[in-house]
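Undergrad: Here it is, the structure, as structure tokens.
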Amino acid sequence: NYYAHGPLARTELGDKKVQGLDYIYTLQGWLKSVNGENLKSPENDLGTDGLPGSAHHLFGKDAFGYSLQYFDNDYQAVNGDDATSNFKPLMFSRSPSVTHSTKNLYNGNIKEMVTALRQKREQVIRAQVNTYEYDQLNRIVGMQSTAVKENASGAINSKASYGAAYSYDNNGNLQTLTRTVYDKTNINSGIPIPMDNLEYTYKPNSNQLLTVQDYVRASEGTEILDYETDLKDQLIALGIAPAAFDPDNPDHQNYVYDLIGQLVQDKTEKLRIQWRVDGKVARVIKYTDPTFTTIEKQILFEYDGLGNRIAKIEQLYDAALAEFSPRRNVTYYARDAQANVLGVYKAKVRLTSTRKKVKLTLDEHHIYGSSRLGLEQNSLVVLKENENVTTSLAKAATTSAFTSRDDSNGYAIKLNPETTLRWQGTPVQTASKKEYKLTNIELNTFLTVSNLTDTNTSLIRLADYREHLNNRDNTILAKQRTDLALALIKEPSGTNYALQVVALFNKNHNNNVRKTFTTPYAFSPEVLANGIAIDFSYAPLSTSMLIDGVAYNTEALSLEAQTEKIASTGMSTTLSNSISTSSVAENTTVGLCYLEYGFQSKGLPHVEVFRFSKGQGLPESNTNKTMTVTVGENANLWTNSLCNIDTDNDSVLDRYEDVNGDGNLYNDDTDLDGIPNFMDADDDNDSVLTNYEVRNTDGDNNPLTGAVLDTDGDVLPNYLDPDDDNDGLLTKNENPDPNNDGNPTDAVNTDSSASDTLANYLDPTEGSYAVMSEIENVSLSRSTGDKRYELSNHLGNVLSVINDKKLPEFNTEDDISSGLLCFNADVLSYSDYYPFGMVTPKRNGSTGQYRYGFQGQEKDDELKGEGNSLNYKYRMHDPRVGRFFAVDPLAPKYPFYSPYQFSGNRLIDMVELEGLEPSKTPQTGDAEGKKEISVENGDGDYLSDVHNQKFVMKLEDVSLENFNKFKEQLSFDPGKIVNNYLAEYKLVDRDGSYGVTEGDHFDISIIGDSGSVVISEIKSEDYFLSVKVQTLEGHPDAGSNIFSVKYDPKLKQMTWETQNVSRTNVGLGGILSPYARAGQISQWRIVMGKVKDYIGNSHHVSEAYLDIKVAWYNDSKKELGEYSEPMRMHFQMNKIDDDE
């Protein structure tokens, strides 16, 4: 809701009306109060939220309130205000029992602020009355706080609580800073005790801070107080006796800078900072000690092209591996075109050599009105992965520098008929020690091995494209190729072969080998002495292979990648005529369910198929060849896999229920009932069990082979289709199973006949009805308690955070039967701040973290602890120290500021504009968010005439020096030139910069001005300057003034001009015209005199005139009509000539 003249009057939060915010303003348009000062009773609230019998009875009672005092009697309500503490919303700021500031301020700065906070439900913490002091530059130099113990009707007593004092050097750098806090050992003493007594030491002839000492010490080397937010004495933290401090000694300097003034080391916070070339922080490395010996973690930052943060990555350091752990927590920021944060994602990435775990959640969804209202915090999981990484092999794998060659080195170990060998290795996964051994594959009947008679070994390579985890920096997923090398090892008799996993090649999408994992080939001298040999020669054979139903065309059998010398240790022999293989670990990538392979030899194709199924005996091939499966020592026979398992007995094997094909069965849930398909007997929740919707004609329990049951032909099989006949009615709503046994044999068939035997759920028309558009029963739900509304003061400081849930209060506490009394907001956190942003001890609390704090900025708690590092877009701020640690990007614009200053040291009436410059507060109450209004745009009173007036004054013999002086005055403050008895132009320098800048305001002494006049445009050239002043919404007039001056250096002529366009009812025409014209004449004669004064006496006025044009609105079209011919009034030094 808005007041009739424009300013915001009331905001209501949430559809449950959890909070109402009420605003009042002074006559100057300055914000006076939000809600009020005493939360003990809703009677004291401006909007009476929660007061029984009021219009806002069912609103949550106020969770916060504050008021601002500029000067005594700066506000008086229209009704019910006798200018005393009897006016309940301002009872503390007017209370004679509370200490107040006697220094009135009339420039818009704030002399006093009252802050009230609710802790939870009916518990409120004592209101604080802060009084402020400033120097002549409006910089804060002191704060004193008084705690008010209140009841529903007012103050019971008040006692001093907190305090602060600040001093600056000539450059505006903080020189000293003191903070006091109430005595936590004696809360009611009313005597604050020192917490900080800081002294700043700077590098000579620079603005760079070197060290901060805290003189609140019990003795050398110790501190009296230990508050969490307290800045510790940096000399003590560095192990330096304060008496021995030498500012020129680099070891005594806490802050270290690079050559362009950016902080690179903060020793006491144990931080090293690395910067990007654009002045953004790229990385912060946090150590465990100030000598930077042991790394704790790093925080990486990423930005978009406009410099907005888009990612923050936190990684711990693994000292054992001497590298940063692949485990990382990542915060991603999604922004709109104006860089407002729309959503915040959080990713937890956990990587090892064998497993990948990734969880990505949409943690926060921001809520906006005209500005950020808060956020929705529901931690919605958008990605979750937990799977084996393919590089896990059975044996302790070793990475080898394999090279590919066309010939063999000829290294061999001889195999004798009497000798049997076992490949040795240590299983990686010792928890289960499951081994999978395949032996005695009968291949001799079809495999021609004439060229392998001496080797007894051949190799099959299987190429498999999969999505695998790429364990490299800053990458989660990448396309990779995996090759699995299987060795077929023949017994000396030439009759039996064993299938052996030899190597796994991990490749990228370009087929370049990234990593190679091999089972160890290590042989003992004993074996070598017995003459065992494996010759790495080969005969080229073309091959094809089918693994688990997926066909591959492989390259010719090749051993190029295996040509390495064989070590001569580590292998043992056994006295047996059989051969056995090394073990394969419990790993789904090498546990086979189904193996088909073929060879093309001498023009004859040979194909063998083996299936492996637990509990179904030994695997057999399609040609009745058998394979012997043996169990390893201390091991189980079967590995965990999806081999022929049908968990839900729906005739679809689990491995075929991976609908999205990502290898993870748990995220395939067609009907979104929370039960994954492989565990759900009715995958599409259509009341017909999957068993009856799968046509398994080939008996392989694979719904993608054989005849597929797809009634409506939409490529979606019936068992996954909630509308089998695509008639717009869900199958479950067409009576497919009246007796609820999941079997549709009793399904209803409305149009049953000899020609139509289709049940309704399979009949798109049912004989009567045309095919309808999709109709679906949708279950809708909503959550409460997951929204976060931030309640901020005029600086944007987040004072309280509530959720969207109201808490009921009853006439008898927690007794529902006693009846509802009111509602309270559910307070999640509350905070109060010292100037510069440090949280005041014992005036903050939280049931959970909230991202934003002082001035609404994000807190980087990973760096220095909670609330001690604030992220502005262009720089980071430490609120304990009260300054930035990077040079102001706008330093050339502010030569009178230290480039490290924060908000121009103006902390109560100004805010920091994203690390650039001081700026007007976000809740000024006057012009914030208002649009410019002008008569040309139709923003006028349609019953008024519109005047376009141009006053021109030409002066001769003006020197360039005098012109520049006049131009300087106009650029500094045009009001000094144009002030007159009708209107006084008072510049309100909103950003603290020198002179006028776009966005500055003029307060004009005209009734109803409300501060709604802004400098909208400035044009400046060597011999020209113009300043345009524009009215805003809420101003009683719509129009603009342009003040300009130009100079002709050849003629030494200066022309001063003002042009005003506005609607007016002052009667420049009609009955009042003689008097109004006389007023105009008198007004401009005053301005002429001021122009002459600023130029000096060495000139004369050659011409001066006032042109006035009049136009009227067209009432029907609400458009401005044509202007009349100008009426010109000539001015001379001694008389006025009125032409018309």
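Any read-out appearing in this document is the output of simple, stated calculations on the displayed coordinates, not a laboratory observation. Just so it is clear, the structure is predicted and the values come from calculations on it, not from any experiment. Ideal geometry is used to build each Cβ from the backbone, glycine not excepted, and the neighbour counts take in all protein chains shown.
Undergrad: How far apart, in nm, are the 7 Å Cα→Cβ label points at THR11 and SER1102?
TA: That separation, rounded to one decimal, is 5.7 nm.
Undergrad: How do TRP30, TRP275 rank when sorted from fewest to most other Cβ atoms within 10 Å of their own Cβ? Don't skip to the answer; put the middle values down first.
TA: On the way: TRP30 22, TRP275 16.
With the fewest neighbours first, TRP30, TRP275 line up as TRP275, TRP30.
Undergrad: Taking square-rooted eigenvalues a ≥ b ≥ c of the alpha carbon gyration tensor, is the stretch 62-167 rounded, prolate or oblate, where a/c under 1.5 means rounded and, failing that, a/b exceeding b/c means prolate? Before the final figure, lay out each step's value.
TA: Values: a/c = 1.98, a/b = 1.25, b/c = 1.58.
Cα axes put the stretch 62-167 in the oblate bin.
Undergrad: Taking 7 Å along the Cα-to-C-beta vector as the label spot, tell me the ASP751-VAL659 distance in nanometres, rounded to one decimal.
TA: The two pseudo-label positions are separated by 3.0 nm.
Undergrad: Where in the stretch 89-130 is the amide nitrogen less than 18 Å from a point lying 7 Å along the Cα-to-Cβ axis of THR784?
TA: 121-122
Undergrad: Whole-Hz ³J(HN,Hα) for each residue in the stretch 880-891, computed from phi via Karplus 6.51 cos²θ - 1.76 cosθ + 1.60 with θ = phi - 60°, x for glycine and proline: what do you get?
TA: Karplus-based 3J(HN,Hα) across the stretch 880-891 equals 6, 8, x, 7, 7, 10, 9, 5, 4, x, 9, 3 Hz.
Undergrad: Can you work out the Karplus-derived ³J(HN,Hα) for every residue in the stretch 80-97? Use 6.51 cos²θ - 1.76 cosθ + 1.60 with θ = phi - 60°, whole Hz, and x for glycine or proline.
TA: x, 10, 9, 6, 10, 5, 5, 6, 4, x, 10, 5, 7, 5, 10, 6, x, 8
Undergrad: Would you work out if the stretch 791-920 is rounded, prolate or oblate? Take a ≥ b ≥ c from the square roots of the eigenvalues of the alpha-carbon gyration tensor; rounded if a/c is under 1.5, else prolate when a/b is larger than b/c, oblate otherwise. Don't skip to the end; give the middle numbers.
TA: Numbers: a/c = 3.53, a/b = 2.73, b/c = 1.29.
The shape class here is prolate.
Undergrad: Among 876-887, 88-99, how do they line up from the highest to the lowest mean number of other beta-carbon atoms within 10 Å?
TA: Numbers: 876-887: 22.9, 88-99: 20.5.
The peptides rank, most packed first, as 876-887, 88-99.
Undergrad: Please work out the Cα center distance from the stretch 300-322 to the stretch 830-885, rounded to the nearest Å.
TA: 20 Å
Undergrad: Taking the beta-carbon count within 10 Å as an exposure proxy, list SER67, SER325 from fewest neighbours to most. Can you show the working numbers first?
TA: Numbers: SER67 26, SER325 17.
Taking fewest neighbouring Cβ atoms as first place, the list is SER325, SER67.
Undergrad: Amide H of GLN175: which non-local residues (sequence gap of 5 or more, or other chain) have their own amide H closer than 5 Å, using H built in the peptide plane?
TA: Distant-sequence amide H within range of GLN175: SER167, TYR168, ASP169.
Undergrad: If you take the square roots of the eigenvalues of the alpha-carbon gyration tensor of the stretch 261-389 and sort them as a ≥ b ≥ c, do you get rounded (a/c under 1.5), prolate (a/b over b/c) or oblate?
TA: Details: a/c = 2.37, a/b = 1.18, b/c = 2.02.
Here the stretch 261-389 falls in the oblate category.
Undergrad: HN-Hα J couplings of the stretch 339-350 from phi, Karplus 6.51/-1.76/1.60, θ = phi - 60°, integer Hz, Gly and Pro as x?
TA: Here the 3J(HN,Hα) series is 6, 5, 6, 8, x, 10, 9, 10, 10, 10, 10, 10 Hz.
Undergrad: If we count other beta carbons within 10 Å of each Cβ, what is the order of HIS5, HIS366, fewest first? Write down the numbers at each step before the final one.
TA: Details: HIS5 14, HIS366 20.
Placing the least packed residue first, the sequence is HIS5, HIS366.
Undergrad: Can you figure out the FRET efficiency of ARG695 with LYS357, using R₀ = 30 Å and their beta-carbon distance, to the nearest 0.05? The partial results should precede the final answer.
TA: Details: r = 39 Å, r/R0 = 1.28.
The computed FRET efficiency comes out at 0.20.
Undergrad: Along the Cα-to-Cβ line of GLU314, 7 Å from the Cα, sits a label point; which residues in the stretch 263-290 have backbone N less than 19 Å from it?
TA: 269-274, 281-289
Undergrad: Provide, for the stretch 791-920, the number of lysine pairs with alpha carbons under 27 Å apart, each pair being eight or more places apart or on different chains.
TA: Going through the stretch 791-920 pair by pair, I get 11.
Undergrad: Let me ask something else. Which of the trypsin sites (Lys or Arg not before Pro) found in the stretch 222-312 are in a DSSP loop and have at most 13 neighbouring Cβ atoms, other than their own, within 10 Å? Write down the numbers at each step before the final one.
TA: Numbers: sites: LYS232, LYS267, LYS270, ARG272, ARG276, LYS280, ARG283, LYS286, LYS297, ARG309, LYS312; in loops: LYS232, LYS267, LYS270, ARG276, LYS280.
When the trypsin sites (Lys or Arg not before Pro) of the stretch 222-312 are filtered for loop state and at most 13 Cβ neighbours within 10 Å, ARG276 remain.
Undergrad: Residue separation times 0.36 nm, minus the C-alpha to C-alpha distance between LYS120 and SER371: what's the value?
TA: Answer, rounded to one decimal: 87.8 nm.
Undergrad: If you don't mind, there's one more thing I want to ask. For a quick check: with amide H placed at 1.01 Å from N, whose amide H comes under 5 Å from PHE324's, ignoring anything fewer than 5 positions away on the same chain?
TA: Here ASP318 satisfy the definition.
Undergrad: Using a simple spin-label model with points 7 Å from Cα along the Cα→Cβ vector, what separation in nm is obtained for ASN702 and GLN262?
TA: Using points 7 Å along Cα→Cβ, the separation is 5.8 nm.
Undergrad: Computed FRET efficiency, Cβ-Cβ of ALA4 and LEU306, R0 51 Å: what is it to the nearest 0.05? Intermediate results must be reported in sequence, preceding the final value.
TA: On the way: r = 40 Å, r/R0 = 0.78.
My answer for the efficiency is 0.80.
Undergrad: Go ahead and collect, in residue order, the members of the stretch 839-883 whose backbone nitrogen is under 17 Å from a label point 7 Å along the Cα-Cβ direction of GLU296.
TA: From the stretch 839-883, the list is 860-870.
Undergrad: Compute the FRET efficiency between ALA83 and GLU862 as 1/(1 + (r/R0)^6), taking r as their Cβ-Cβ distance and R0 = 51 Å, and round to the nearest 0.05.
TA: Details: r = 50 Å, r/R0 = 0.98.
E between ALA83 and GLU862, to the nearest 0.05, is 0.50.
Undergrad: Can I ask one more? Amide H of PHE885: which non-local residues (sequence gap of 5 or more, or other chain) have their own amide H closer than 5 Å, using H built in the peptide plane?
TA: Answer set, sorted by chain and number: MET876.
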